[in-house]
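Heads up, the thing below is written out as structure tokens.
Nothing in this text is a laboratory measurement; each read-out follows from the coordinates by a stated rule. Owing to the predicted nature of the structure, the values given are computational and were not obtained by experimental measurement. Here the Cβ is made from the backbone with ideal geometry for all residues, glycine too, and neighbour counts use every protein chain on show.
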Amino acid sequence: MLALAGTSASTINLTASLFASGGSIGASATGGGRSSGASAQAAVEISVTRSSTSTLAISAPTPRDTLAGGLKSLDASLDHLLAKDGDAQGSETLDRLQFLLDSLQMILKDRDLSSSDKIAMFGYLSDVATGKAPPDEAKAAFGKAMSGVADRANLPPDRAADYRTLLGTFATLPETPAAASAEGVVATVSRAESLSVSIKGTFEVMTDKGSMTAEFEFSQEMVAGFSAAIGDGEAEIAALSASRSTLSLHISATSAYRGGANAGSSCDKAA
């Protein structure tokens, strides 16, 4: 068995800050000696982070395991970028539903299974759908049978890898025979790049009647990359990308009058 793997990673952080102020408040002869004028100041901070990861592996796994391993680094980046807080239960429900639908479709189309085998497998899917925990023997038997059904279904490599992950969650995957490692050498390479941009700013204007401040924060995250698996004269290439942007804005104003109480107002806006 031949196995060779290598990983390289790099991260670059850049931060820049800018502060400016101008204007003045002083006495004047207008309005009975009241002060007039204005001053303003502003501060902006920009932060940029860029990171990249590259992996190279040469080994002799099964074709399905090869593609799944090649996409692993990209999947981790995308899952982190697109994850929603507090959505673990909903994600599990979707995985369960996807597993049931994919399994049912492949079982119905498979011609090598007998009617009794299909009925037994339907019973297992019914237990999974109702939340029952099948015994270990049933998990192993269903995992072995369904693994063969999935191989005969000739799914696209990405769908086959996804289904194998679901099968390992709701059943027990069969062990890969030792002879499979000698089928041939396969090389996989993947690269992922992420870019994060954050801009924060504060503006303040002061006059003799009061002041107004505005704060904003903008952030954007992007992930892009590719993965390729080459072996047995065939090549599989996948490209993935995702992005997320947020913007928040806060504005507040205060007013002051001679001989009177202070009054203030504020408003918030987020997009």
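Overview of results
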{"read-out": "THR172 long-range amide H proximity, modeled H, under 5 Å", "value": "ALA140, GLY143"}
{"read-out": "Separation of the LEU195 and ASP151 label points, Cα + 7 Å toward Cβ, nm", "value": "4.4 nm"}
{"read-out": "HN-Hα J in Hz across the stretch 151-162 - Karplus 6.51, -1.76, 1.60, θ = phi - 60°, x for Gly and Pro", "value": "5, 6, 6, 6, 5, x, x, 5, 5, 5, 5, 5"}
{"read-out": "Convex hull volume of the stretch 185-254 per residue (C-alpha atoms, cubic angstrom)", "value": "48 Å³"}
{"read-out": "Separation of the ALA140 and GLN98 label points, Cα + 7 Å toward Cβ, nm", "value": "2.9 nm"}
{"read-out": "For LEU113, residues with placed amide H under 5 Å, excluding near neighbours", "value": "none"}
